[in-house]
Amino acid sequence: MISLLQCIACGKKYSLSDVRFTCDCGSLLDVLHDLDALKKQFGISQAYYSTKRAKIQGQPTGGVWHFKELVLPSIGDEDVISKQEGNTRLYRNKKTAAWLGLDHTKLYLKHEGENPTGSFKDRGMTVAITQARALRQRAVTCASTGNTSASLAAYASEAGVTGLVLIPKGSVAIGKISQALAYGTKTLVVDGDFDDCMRLIREAQETLQAYPLNSINPFRLEGQKTIMWETLVQLEWRVPDWFVFPGGNLGNTSAFGKALHEAFELGLIDKMPRFAVIQASGASPFYKAYKNNFAGLVPEKADTIATAIKIGDPVNYTKAVRSIRWTNGVVESVSDEEILEAKAHVDGSGIGAEPASCATVAGMKVLIDAGVIRKNETVVGILTGNILKDPQSIVDYHITHKGVHANPPADIDASIDEVKKYL
Ligand code: F0G
């Protein structure tokens, strides 16, 4: 077998066709690929991915499926369910770099909010729903702070399977709920928080055989790995010193670590970049565990304006610890005020992203000011979600609360003299 499921704790192996998300011992599962065999079979090298021009179902495979043999080699091209996810821009931005105190040639912002449903989730969803259909699952589910539900809804529709999403009452941005409703998935608003929703999804998997598309699903993480590889191709394989990104349920932290570990094993890169995972201070169990030398995760009641990462009991904790160790990484926390200030700069620079994504840039600022990220180092920040996901946060900042960098609209009479005042 070219790919298997393997327990990250005891190493026990299972077939990819087993419908399971944890090992008999209770730990998380990885998708394990036979990298040596794949390398030989496809001639995997930097040049292979820099020049590959393949098609799936008649469409060019940029993005996730560009890396098909390292993501889901077992699937036939005809069985892939894709919306051409990935291929996201890697921005340079002088204004944000100046605010961070970095030379603009040292900063890149990769915008995962430019995926089909507006977040990085689509990269994982295309793979997990493809696997769900290969396993003939009749219903797919997720717990979500919003983006996963939007993505699941769109892909369940595309795949023609029943979708069911659980979201915490009062904690999901309007753009995201709107998507889940509009794409036609049944949405259950749970009187509880995200961690309650996640618990129900795990129970639904065990008792109702509903197939979860949360990041506990190892196939989701296989798709999200491609954010790292795609960045490396865009950088012509120059490994940046840092990747900085937000941490909530820690799916990206886990997937990104696996991606770079595999790239290293395959000889695609010869040094590992460092990770900086940024949490909101009101939802920072991973940050606290890091400060405590990863002695253990203490779940907490989460609270932050960045609702996407309002998570107190991340399911991928053990995989995320592994990623921090592989990359000599750090974990930082930022206040809601710091997130809003960073968001004002990212938005005002003409790029824009939702609050959780701007935790990335807020965290960069803290780490640069503290000298952890040095000014001669190259930094890639991942912006995880689109600016239009959470328009309420923008209205609150610019109009209702008039934040420090607020740009409120002005009401005028219908006269050219009034217009002139503002030019
Ligand atoms: N950024 C955004 C915009 C997100 O939606 C999420 C997670 C994260 C960051 C954190 O990523 O969980 O891999 O550490 N959103 C999930 C959801 C939980 O349900 O949409 P993570």
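Lysines near Lys55 by alpha-carbon distance under 17 Å, same-chain residues fewer than 8 away left out - which ones? Lys55 reaches Lys68, Lys83. Packing here is the average count of other Cβ atoms within 10 Å per residue, and on that basis the peptides 94-106, 306-318, 173-185, highest first, run 306-318, 173-185, 94-106. Summarising the amide proton neighbourhood of Thr162: residues at separation of 5 or more, or on other chains, whose placed amide H is nearer than 5 Å comprise Val140. Backbone phi angles across the range 180-190, fed through the Karplus curve with coefficients 6.51, -1.76 and 1.60 (θ = phi - 60°), yield HN-Hα couplings of 4, 5, 5, 6, x, 9, 5, 10, 9, 9, 8 Hz in residue order; Gly and Pro are listed as x.
Taking the 0 to 90 degree range and rounding to the nearest ten, how far is the long axis of helix 336-348 tilted relative to the main principal axis of the chain, both from C-alpha atoms? Around 80 degrees separate the two axes. Once the Cα atoms are used to define both axes, helix 317-326 deviates from the longest principal axis of the chain by about 90 degrees. Relative to the longest principal axis of the Cα atoms of the chain, the long axis of helix 355-369 lies at roughly 80 degrees. In this simple spin-label approximation, Lys12 and Asp270 carry label points 7 Å from Cα along the Cα→Cβ vector, and these lie 4.2 nm apart.
Pairs exceeding 26 Å between alpha-carbon atoms, taken from Lys176/Lys375; Lys225/Lys271; Lys258/Lys291; Lys13/Lys319; Lys258/Lys389; Lys106/Lys319: Lys176/Lys375; Lys258/Lys389; Lys106/Lys319. Sorting Arg53, Arg374 by accessible area puts them as Arg53, Arg374; the probe is 1.4 Å, largest comes first, and only protein heavy atoms count.
Protection proxy ranking for 357-363, 264-270, using the average of other Cβ atoms within 10 Å per residue and placing the highest first: 357-363, 264-270. Here the sum of -39500 (n - 2.57) over DSSP H runs of 4 or more residues, divided by the residues of the chain, equals -11000 deg cm²/dmol at 222 nm, to the nearest 500. From most to least packed by mean Cβ count within 10 Å, the peptides 230-243, 6-19 give 230-243, 6-19.
The values are calculated or read from the model by the stated rules, or taken from the named source; none is laboratory data. Quick caveat: nothing in here was measured; it's all calculated off a predicted structure. As a convention, Cβ positions derive from the backbone with ideal geometry for all residues, glycine included, and neighbour counts pool all protein chains shown. Heads up: the accessible areas ignore ligands, DNA and RNA and are worked out on the full protein's heavy atoms, side chains in. Shrake-Rupley method; radii C 1.70, N 1.55, O 1.52, S 1.80 Å.
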